[in-house]
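In what follows, a single structure is set out as structure tokens and then discussed.
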Amino acid sequence: MSTDNTTSKPLAANEGMKITSRHLRGNIAADLADTSTGNISEESNQLSKFHGLYMQDDRDLRNPLKKEGKEKAFAFMLRVRLPGGKATAKQWIVLDKLADEIASPSLRLTTRQTFQFHGVLKGNVKKLVKGMHQALLDSIAACGDVNRNVMAPPNPERDPVQQEVYGHAVAWSEFALPKTRAYHEIYLDEELVAGGEPENEPMYGDTYLPRKFKTGFAIPPSNDVDVFSQDLGFIAIAQNGKLLGYNVTVGGGLGMSHGNAETFPRLADVLGFIPADKVNAIGEAVLTTQRDYGDRTNRKHARLKYTIQDRGIEWFRGEVEKRSGITFEPAHPYEFTTIEDPHGWHECADGNWFYGLHILSGRIKDVAGWPMKSALREIAEIHVGDFRLTPSQNLTISGVSAAKKTEIDAILEKHGLSNENNRSSLRLNALSCVALPTCGLALAESERDLPSILGKFEAVLDEAGLREDAISLRITGCPNGCARPYLAEIGFVGKAPGKYALYLGAKYNGTRLNRLYSPSITIDGAVTELTPIIKRFAKERANGEGFGDFCDREILPADATFHSVGTPRPAA
Ligand code: SRM
Ligand code: SF4
């Protein structure tokens, strides 16, 4: 058994898989070709993640199929790599068609600004990847122990600074891609590298990173990407319309396990300021430091946040400066005021427009009375600009001329979708993860129950006169944190069917985590519990005070320490 050099502890099983995988090839091709089962081996499943593919099964069908003595309903989820969430109208049409023809027909916009396909049968995987490839899209590194889809504010055409930041996000995404040709060989039938020059992963090395790694770019005053939840963050600092550089953040991450105090959500630390042309150099130094010092013996302790928590931010800064040859300047002042997506029509510096469209949980499908998928396909057919996916699972239709604006309005109107943005502020800001039936880790419902949960809270907010007040509510089916629930003013985290841990008191702008209010509560129990608190908030809040701040001040125990940006995390 291999062990970690410094601790002599055995390495996690995934480390062995990575090293023997011949740069992420393993047995995936043979497993995909095996028609005797819809499944693939556990090792191929772990390796496929690096290519953006997860083996799942429909959990609603588990029991009936078991009773019939049949195999589980296996199917892949595929996640597209889409830095900054940008897809052209032509790409939209291709993705829409692929979803109809060879996946579950819905498209899912994720909390990291990309698309997910669900329900892709094994025999259709190569067809899907090839179809995407023809539209210049891929799913490389969308999952796995590598730098994942890079997040950036979704409206770069708004002004030159946004444009430049988007460019840096794309450049860092490309720079940090694994170099292996495994994806092209397995799914696109590219000629095998074997026998030629041995491949090299100059930045990652043969075992890639100890765990997933996430990067986000934010432009104050908006913290739409929740920059403090990212392993690596870049906060743009601009003056008089010019980008000066970035404050760099490191060590954010949200995943935890119920009842395991060794795991916890953590907000990133600010390392300091760098000029704008140093993004890739600093990114590489951060990534390789984590590559070399991250814990490869325990995957629950392998994220960058634990490396920094254990070794200290001063040590980390020193290591990054040494590796990059760049000295951080003191961080520049910045202020985040919001996390909200801009909804409706907005005019840009270039005279074009963009339209922010609310899509609950990012689920794009056609249902009776709500043909969102068809409407967006029609828009894509006449649209000459882009689509941008937002960090809050919403959509932006961007680069729209005045003439096309009228056409788009007409399409939405025709399908009865012109009022999608006229919802309560609670609904417009709510996030939920996918959870059941596709997520193998879900302990409770999330996306499927969100509409009814929102309905219950909207009734309370209406009664308290708070319909227009932006309160963030996020729900996940387990403590992994995929909808970033620990940064919500009201956070529900699935524990068991119908039961959630309830967290309150995060700061609305994403700079303070919430705290546990109830370890296990039903949704109806939470509505009952929160109704008097919401009513008190309506009457007693200080001028401009958010619900999270009110709960933090009035409701949560005064002696409990909390973690916000700039304060050290208390010991577990
Ligand atoms: Fe996530 C695992 C869905 C954003 C933390 N996440 C999963 C898997 C793949 C389940 C699995 O491993 O079998 C989920 C697939 C569900 C499905 O059926 O589609 C899943 N995560 C999602 C998405 C689709 C949620 C959504 O509804 O939008 C998001 C896809 C993002 C993307 O496009 O790349 C998604 N996941 C996040 C985020 C939020 C973020 O990155 O901004 C987090 C918290 C931030 C963080 O990473 O700390 C997150 N997902 C996790 C974790 C816990 C990681 C940890 O450090 O503990 C897991 C489980 C794991 O890695 O072991 C996980
Ligand atoms: Fe699945 Fe848990 Fe992520 Fe929800 S938070 S998608 S239940 S892993």
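A few notes on this one:
- When region 256-285 is limited to residues that are part of a helix (DSSP H, G or I) and under 16 Å from A218 (Cβ atoms), the one that is farthest from ligand 2 (Cβ to nearest atom) turns out to be A276.
- Taking (1) open to solvent by 70 Å² or more (accessible area, probe 1.4 Å); (2) closer than 21 Å to A141 by Cα in turn, G84 satisfies each apart from (1).
- In summary, D231 fulfils each of the numbered conditions (1) surrounded by 24 or more Cβ atoms within 10 Å (Cβ to Cβ); (2) touching a Phe, Trp or Tyr at 6+ places or on another chain (Cβ under 9 Å); (3) more than 28 Å from A152 (Cα to Cα) with the single exception of condition (3).
- Among residues of region 345-368, those that are over 14 Å from R108 (Cα atoms) and within 23 Å of the chain's Cα centre (by Cα), counted: 4
- Complete set of residues in region 335-348 that are open to solvent by less than 80 Å² (accessible area, probe 1.4 Å) and either in contact with a His (Cβ under 9 Å, 6 or more places away or on another chain) or not β-branched (V, I, T) (or both): F336, E340, D341, P342, H343, G344, W345, H346, C348
- Residue in region 430-448 that is least open to solvent (accessible area, probe 1.4 Å), counting only those that are over 20 Å from E420 (Cβ atoms) and hydroxyl-bearing (S, T, Y): S446
- Where helices (runs of 4 or more DSSP H) fall entirely within region 62-181, those with at least 1 residues that are within 21 Å of the chain's Cα centre (by Cα) and at pLDDT 95 or above are at 89-102, 125-134, 160-175.
- For region 95-154, the candidate set comprises residues that are on the phi > 0 side of the Ramachandran plot and of a type outside the set (A, V, I, L, M, F, W, C); within that set, the residue that is nearest to ligand 1 (Cβ to nearest atom) is Q113.
- Within region 442-459, considering residues that are in a helix (DSSP H, G or I) and within 16 Å of ligand 2 (Cβ to nearest atom), the one farthest from the chain's Cα centre (by Cα): I453
- Cβ separations smaller than 9 Å between residues 6+ apart or across chains give the following pairs from region 51-65 residues that are closer than 30 Å to Y183 by Cα and within 15 Å of ligand 2 (Cβ to nearest atom) to residues that are part of a helix (DSSP H, G or I) and open to solvent by 50 Å² or more (accessible area, probe 1.4 Å): M55/E42.
- N39 being assigned to a helix (DSSP H, G or I), within 27 Å of the chain's Cα centre (by Cα) and surrounded by 15 or more Cβ atoms within 10 Å (Cβ to Cβ): no
- None of I475, I523 is away from ligand 2 (no atom under 12 Å from the Cβ) and modelled with pLDDT of 95 or more except I523.
- Within the option set R323, R388, R363, R311, being surrounded by 17 or more Cβ atoms within 10 Å (Cβ to Cβ), without any contact (Cβ under 8 Å) to a residue 40 or more places away in the chain and either closer than 30 Å to P210 by Cα or in contact with a strand residue (DSSP E or B) (Cβ under 7 Å, 6 or more places away or on another chain) (or both) holds for one residue only, R323.
- Subset of region 449-478 that is open to solvent by 10 Å² or more (accessible area, probe 1.4 Å) and within 16 Å of ligand 1 (Cβ to nearest atom) - its residue that is nearest to G510 (Cα to Cα): C478
- Selection within region 206-227 - touching an Asp or Glu at 6+ places or on another chain (Cβ under 9 Å) and of a type in the set (A, V, I, L, M, F, W, C): L209, F213, A218
- Region 479-512: number of residues that are away from ligand 2 (no atom under 16 Å from the Cβ), assigned to a loop (DSSP other than H, G, I, E, B), of a type outside the set (S, T, Y) and open to solvent by 10 Å² or more (accessible area, probe 1.4 Å): 2
The values are calculated or read from the model by the stated rules, or taken from the named source; none is laboratory data. Since this is a predicted model, take the numbers as computed values, not measurements. Note that we place each Cβ from the backbone using ideal geometry, even for glycine, and neighbour counts take in every protein chain shown. Ligands, DNA and RNA are excluded from the accessible area calculation, which covers all protein heavy atoms including side chains. Shrake-Rupley method; radii C 1.70, N 1.55, O 1.52, S 1.80 Å.
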